[in-house]
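Structure, as structure tokens:
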Amino acid sequence: MSENTSLTLDCLGLACPEPVIRTRAAVHGGAAEITVLVDNEPSSQNVSRFLGKSGYAVSVEKRSDTLYAVSGSAACAACAEAEELIRAAGWET
């Protein structure tokens, strides 16, 4: 997988930790944007936490009682970090 790749992982029906394991493989493969589909809240929380700790900006969308879309963007995380450094230096963004 090359960098700047957008990837959707269908992890519906998979028990933890399998969604996190598949997400980790996508992160290590260089995916810049990842959407992980899971069917339960604990999996959405685990995937969200992993992406956040991996430097991704994360959002979770509950589409129904049995469908969560966890999205992560590496580019947004880099922008957020840069903006924080700029604010810390006393400059405006």
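Brief remarks follow.
- Restricting attention to region 26-50, the residues being more than 18 Å from residue 12 (Cβ to Cβ) and open to solvent by less than 10 Å² (accessible area, probe 1.4 Å) number 1.
- Residue that is modelled with pLDDT of 95 or more and either among the acidic types (Asp, Glu) or at positive phi (or both), where the choices are 92, 18, 84: 18
- Among residues of region 54-70, those that are within 15 Å of residue 19 (Cβ to Cβ) and either open to solvent by 40 Å² or more (accessible area, probe 1.4 Å) or not small (Gly, Ala, Ser) (or both), counted: 8
- Residue match in region 62-70 (condition: at pLDDT 95 or above, in a strand (DSSP E or B) and within 12 Å of the chain's Cα centre (by Cα)): yes
- Test: residue 23 is part of a strand (DSSP E or B) and not hydrophobic (A, V, I, L, M, F, W, C): no
- Qualifying residue in region 36-56 (condition: among the hydrophobic types (A, V, I, L, M, F, W, C), at pLDDT 95 or above, out of contact with any Cys (no Cβ under 8 Å at 6 or more places or on another chain) and farther than 22 Å from residue 81 by Cβ): no
- Tally, over region 4-16, of residues that are part of a loop (DSSP other than H, G, I, E, B) and open to solvent by 80 Å² or more (accessible area, probe 1.4 Å): 1
- Within region 1-12, residues that are farther than 17 Å from residue 66 by Cα and at pLDDT below 95 have Cβ atoms under 6 Å from residues that are of a type outside the set (Ser, Thr, Tyr) and open to solvent by 90 Å² or more (accessible area, probe 1.4 Å) in these pairs: 6/33, counting only partners at least 6 apart in sequence or on another chain.
- Complete set of residues in region 26-45 that are assigned to a loop (DSSP other than H, G, I, E, B) and polar (S, T, N, Q): 40
- Test: residue in region 68-84 that is β-branched (Val, Ile, Thr) and touching an Asp or Glu at 6+ places or on another chain (Cβ under 9 Å): yes
The values are calculated or read from the model by the stated rules, or taken from the named source; none is laboratory data. Since the structure is predicted, the reported quantities are computational estimates derived from the model, not experimental observations. All Cβ positions, even for glycine, are placed from backbone atoms using ideal geometry, and neighbour counts span all protein chains on display. Please note that ligands, DNA and RNA were not included when accessible areas were found on the heavy atoms of the full protein model with its side chains. Shrake-Rupley method; radii C 1.70, N 1.55, O 1.52, S 1.80 Å.
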